[in-house]
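The values are calculated or read from the model by the stated rules, or taken from the named source; none is laboratory data. It should be emphasised that the depicted structure is a prediction, and the values quoted were computed from it without experimental measurement. Cβ atoms come from the backbone with ideal geometry, glycine included; neighbour counts cover every protein chain shown. Just the protein is used for accessible areas: all its heavy atoms, side chains included, with ligands, DNA and RNA removed. Shrake-Rupley method; radii C 1.70, N 1.55, O 1.52, S 1.80 Å.
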Amino acid sequence: MIDPHKFIKFLKNNKINFFAGVPDSTLKNFTGLLENKKEIKHYSVYNEGSAVSLAVGYHLATKKIACVYLQNSGLSNAINPLVSIAHKKVYSIPCLLVIGWRGSPHKPLDEPQHNTKGKITKDILKLLNIKTIVLKNDKEFSKLKRLINFSKKNNKTVACLIENKTIKNVKITKKRIIDKLNITRKIVLEELLNLIKRNTKIISTTGFTSREIFQLRKEKKYVRGKDFYMVGGMGHAGMVSLGVAMNKKNQVVCVDGDGSMLMHLGSLRTQGAFGTSNFKHILLNNGCHESVGGQETFVKRTNFTGLSKMLGYKHVFKIANKRDLKRNLKKFLKSKGPSFLEIKIKTGTLSNLIRPKKFLKIKENFYKSK
């Protein structure tokens, strides 16, 4: 296995001291330590392409190599700057990609949404002409050193793949992001499932949100509404919801998260500009990427309701206290969209959280009008 303390020390010894990326569950023990090291320049960003671009800017200013970390599902977001800016035949910018390899064919079957991308990850990197190694333990740091030297010498991007459960668990001290809140995700979702109309369509974002709705449906047999779970495609729940709302008369509710929404923030303008009267957008804001390790999203002072209003949403609402939840949620659901609601929630999720599995069955159920 890989000791994340030794991994960071190794990278520093090889003069890599600038880290940028999007949080990932496979790499959470590595990135969690980066957050706590003041001597390291570390920037958790919202989109993998943005992380690569930040690394390009760092190199242009310093001539040094940066480390960009990401999950392989986000490799697609990174392709544009990797090919159009950093590529050897364009500006030839060196960079080290540390990629959490979900769905690796060398591991037991992962979640369905990871398996397809996992099988083609190496092929994608090969097409991009990115030299790649798989790092399995501390003894293989010598292979990584040769890869880094190759990157520096040839001014090329290189990649290090790390399979799931390869990095050792370590104790990480995390600061609390949002205090004095009494609303949990579960409380919001239960209230929502009770208040929606029978033919309401719910599209829920990647991670704990979709899994909690799925579990609540299983445990308590809520009958109102039909769900579509965004088990992959982080950041795209809003646009999928808009596509449904444009072509259905049913009420359509998008249940989003702060990390997810920030990944493709420009979508807010599209949703505000073209959102229909049946389009309702809920932001569950807990200030962190909770589903992949609780890394901070740095949104404490972000005025999401003001932003959504500026970007075209007709009605905006905000809830930060449990006593206001039912009343204001009712107002939101009755409003003429496009409507936006931010709900400040505390961290924490259901115990023994299950995952949606039978995706084709979920899709067929979503098609139904009642």
- Task: Name every residue in the range 197-230 that is of a type in the set (Val, Ile, Thr) and surrounded by fewer than 21 Cβ atoms within 10 Å (Cβ to Cβ), in order of residue number.
- Result: 200, 223
- Message: Taking the criterion of being modelled with pLDDT of 95 or more, within 28 Å of residue 272 (Cβ to Cβ), open to solvent by 60 Å² or more (accessible area, probe 1.4 Å) and of a type in the set (D, E, K, R), would at least one residue in the range 334-349 satisfy it?
- Response: yes
- Message: Can you tell me how many residues within the range 84-96 are open to solvent by less than 20 Å² (accessible area, probe 1.4 Å) and either β-branched (Val, Ile, Thr) or at pLDDT below 95 (or both)?
- Response: 1
- Query: Can you name the residue in the range 313-327 that is touching a Leu at 6+ places or on another chain (Cβ under 9 Å) and open to solvent by less than 30 Å² (accessible area, probe 1.4 Å) and, of all such residues, is farthest from residue 265 (Cα to Cα)?
  - Reply: 319
- Could you grab the pairs with beta carbons closer than 8 Å, sequence gap of 6+ or different chains, first residue in the range 269-289 and of a type in the set (Ser, Thr, Tyr), second one open to solvent by 10 Å² or more (accessible area, probe 1.4 Å)? 270/239; 276/246; 277/336
- Query: Among the numbered criteria (1) exposed (fewer than 14 other Cβ atoms within 10 Å of the Cβ); (2) charged (D, E, K, R); (3) touching a Ser or Thr at 6+ places or on another chain (Cβ under 9 Å), which single criterion is violated by residue 110?
  - Reply: (1)
- Task: State which residue is most open to solvent (accessible area, probe 1.4 Å) when the search covers only the range 352-370 and only residues that are of a type in the set (A, V, I, L, M) and not in a helix (DSSP H, G or I).
- Result: 354
- Note on the structure: Picked from the range 31-75 (must be open to solvent by 60 Å² or more (accessible area, probe 1.4 Å) and of a type in the set (A, V, I, L, M)), the residue nearest to residue 169 (Cα to Cα) is 54
- Note on the structure: The condition of being touching a Phe, Trp or Tyr at 6+ places or on another chain (Cβ under 6 Å) and either open to solvent by 20 Å² or more (accessible area, probe 1.4 Å) or not polar (S, T, N, Q) (or both) holds, among 23, 4, 81, only for 4
- Query: Name the pairs: first residue in the range 139-159 and farther than 26 Å from residue 84 by Cα, second residue of a type in the set (D, E, K, R) and modelled with pLDDT of 95 or more, Cβ to Cβ under 9 Å, at least 6 apart or on different chains?
  - Reply: 141/6
- Within the set of pairs 6+ apart or on separate chains, which have a first residue in the range 184-199 that is within 17 Å of residue 320 (Cβ to Cβ), a second that is open to solvent by 30 Å² or more (accessible area, probe 1.4 Å) and of a type in the set (Gly, Ala, Ser), and C-beta atoms under 8 Å apart? 184/348; 185/348
- Message: Any residue at all in the range 154-167 that's loosely packed, with under 14 Cβ neighbours inside 10 Å and under 23 Å from the mean Cα position of the chain (by Cα)?
- Response: yes
- Message: Condition first: under 22 Å from residue 162 (Cα atoms), small (Gly, Ala, Ser), in contact with a Phe, Trp or Tyr (Cβ under 8 Å, 6 or more places away or on another chain) and modelled with pLDDT of 95 or more. Can you find one or more residues in the range 58-74 that meet it?
- Response: yes
- Item | Subset of the range 257-298 (residues that are surrounded by fewer than 23 Cβ atoms within 10 Å (Cβ to Cβ) and charged (D, E, K, R)) | 269, 296
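In the range 12-36, which residues are part of a loop (DSSP other than H, G, I, E, B) and either under 17 Å from the mean Cα position of the chain (by Cα) or modelled with pLDDT under 95 (or both)?
Listed by number, the residues that qualify are 22, 23, 24, 25, 26, 27, 36.
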- Task: For the range 138-147, indicate whether the set of residues that are assigned to a loop (DSSP other than H, G, I, E, B) and open to solvent by less than 40 Å² (accessible area, probe 1.4 Å) is non-empty.
- Result: no
- Message: Looking at (1) assigned to a loop (DSSP other than H, G, I, E, B); (2) under 22 Å from the mean Cα position of the chain (by Cα), which one does residue 188 not meet, given that it meets all the others?
- Response: (1)
- Taking the range 337-370 on its own, how many of its residues are of a type in the set (Lys, Arg), out of contact with any Leu (no Cβ under 6 Å at 6 or more places or on another chain) and within 20 Å of residue 191 (Cα to Cα)? 1
- Determine which member of the set 62, 31 is of a type in the set (Ser, Thr, Tyr) and farther than 23 Å from residue 259 by Cβ. 62
